[in-house]
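Data block below; observations after.
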Amino acid sequence: MTQISSIGPTADGRGMISADDERKPWLTALEARFAQAEPNLSASRQQLLRNILDHAEETYFLSSRALAKRYDLDPTTIVRTVQALGYKRYGEFAADLRSHFVTRITPYAVMKSAVRDKRSIANHIEHTLEIDVQNLNALRSQLDVKQVVEIAKRIDRAGRIMVVGIDFAASLSNLLAYGLVSIGYDAEAPAGSAGNLRQKILLLGPRDLLIAISFGRCLQDTVDSVIRAHDNGVPTVGFTDSDKSPIARFSDASWITSIASPSFHGSYVGVVSAINALLVACSQLHPQRSLAVLRRKEQEFRSRWYTPTPAKSGMRTSANEE
């Protein structure tokens, strides 16, 4: 699923998130139901649900009968336990369990799931490419171009743009920041320690913009960056893969793009394509300015391009000349 959503700020400037919510661990829909119903559940049902949640990579795809067989229970026990959480049908519970798996996913869980599929290496490669294509098709079919332009305008209004992405997302933040700088924007993707990141955020103000990139459960430092930016009155935009992720919940606007993949590190082809679309939108807001910056860059960086040097006389230039 690909979408761009906006969150209207409340009186405390944190979108739709209250101060109490911030102090609580972020819960999936299924975890929230479990937490609410837990005082009224028997010890055996509590343990069953904990086992299901803790091993979601092995349970999210199971039918009620298969789940009952896994835990050596009667299928009616599974159905009644699900109903005790407030679900009318097992299918509703299964949908939330799958969502829980996706948002709580780890590289280990993905790899474990892939190993369970018993595919050949060739089939794993083909399957990965198939999912990449699906992610790109989802981006193309569900994209709201007007909302992309609106994010580009937010960037254009900003004095400084800070793009926060850590670990695998670091390459994405560098791509976006470098692309923005190339067309004249004051953008940066801070590198280094969490302390360096916090200091950079403290320099931002209401006329600046923070763009945060993180997926699944989201990394703590990236989420903290969004929250600190809000504390300073800094507008925020998030790139993430679920409207229930912390990045989506705390950002003023979010771009939801799937990174679903059988690969342990996720698939970022959809996100890269989204970044490319955003860079195109930014460059076309003021095309003459973009051209002027690129022309100056081309003139000044001309010496950076590779220039072949003539081979010296008597030296071999390739293995074929031996």
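I'd like to know if the range 154-171 contains one or more residues that are more than 15 Å from A212 (Cα to Cα) and among the basic types (K, R).
yes
Residues that are modelled with pLDDT under 95 and assigned by TED's automatic domain parsing to the domain that holds D144, at least 3 per element: which helices (runs of 4 or more DSSP H) completely within the range 198-287 meet that?
The qualifying helices (runs of 4 or more DSSP H) are 220-231, 246-250.
With respect to the numbered conditions (1) exposed (fewer than 13 other Cβ atoms within 10 Å of the Cβ); (2) more than 21 Å from A35 (Cβ to Cβ); (3) among the charged types (D, E, K, R), which one is the sole condition not fulfilled by E58?
Looking at each condition in turn, E58 falls short on (1).
Return the pair list, or none, for Cβ contacts closer than 6 Å from residues in the range 279-305 that are surrounded by 14 or more Cβ atoms within 10 Å (Cβ to Cβ) to residues that are part of a helix (DSSP H, G or I) and acidic (D, E), at least 6 apart or on different chains.
Once the first residue is surrounded by 14 or more Cβ atoms within 10 Å (Cβ to Cβ) and sits in the range 279-305, its partners that are part of a helix (DSSP H, G or I) and acidic (D, E) give L285/D156.
Give me a count of the residues in the range 35-88 that are acidic (D, E), part of a loop (DSSP other than H, G, I, E, B) and closer than 28 Å to M111 by Cα. Walk me through it before giving the result.
Filtering the range 35-88 down to residues acidic (D, E) leaves 38, 54, 57-58, 72, 74.
Filter once more, so that each one left must be part of a loop (DSSP other than H, G, I, E, B): 72, 74.
If we keep only those that are closer than 28 Å to M111 by Cα as well, we get 72.
Of the residues in that region, 1 qualify.
Quick one: in the range 189-231, of everything that is among the polar types (S, T, N, Q) and surrounded by fewer than 16 Cβ atoms within 10 Å (Cβ to Cβ), which residue is farthest from I166 (Cα to Cα)?
Step one: list which residues in the range 189-231 are among the polar types (S, T, N, Q), which gives 193, 196, 199, 214, 220, 222, 225.
Remaining after also requiring surrounded by fewer than 16 Cβ atoms within 10 Å (Cβ to Cβ): 193, 196, 199, 220.
Working: S193: 10, N196: 13, Q199: 16, Q220: 10 Å.
That would be Q199.
Scan the range 171-184 residue by residue and report those that are surrounded by 20 or more Cβ atoms within 10 Å (Cβ to Cβ) and either aliphatic (A, V, I, L, M) or outside any helix (DSSP H, G or I) (or both). Outline the logic, then answer.
Of all residues in the range 171-184, those surrounded by 20 or more Cβ atoms within 10 Å (Cβ to Cβ) come to 172-173, 175-177, 180, 183.
Selection gives L172, L175, L176, A177, L180, I183.
Looking at A94, A37, A68, A43, can you tell me which residue is within 28 Å of V271 (Cβ to Cβ), out of contact with any Phe, Trp or Tyr (no Cβ under 7 Å at 6 or more places or on another chain) and at pLDDT 85 or above? Quick ask: steps written out before the conclusion?
Working: A37 fails: within 28 Å of V271 (Cβ to Cβ); A68 fails: within 28 Å of V271 (Cβ to Cβ); A43 fails: within 28 Å of V271 (Cβ to Cβ).
One residue alone meets the criteria, A94.
The values are calculated or read from the model by the stated rules, or taken from the named source; none is laboratory data. In this text the structure is predicted, and so the values were computed from the model without any measurement. Cβ atoms come from the backbone with ideal geometry, glycine included; neighbour counts cover every protein chain shown.
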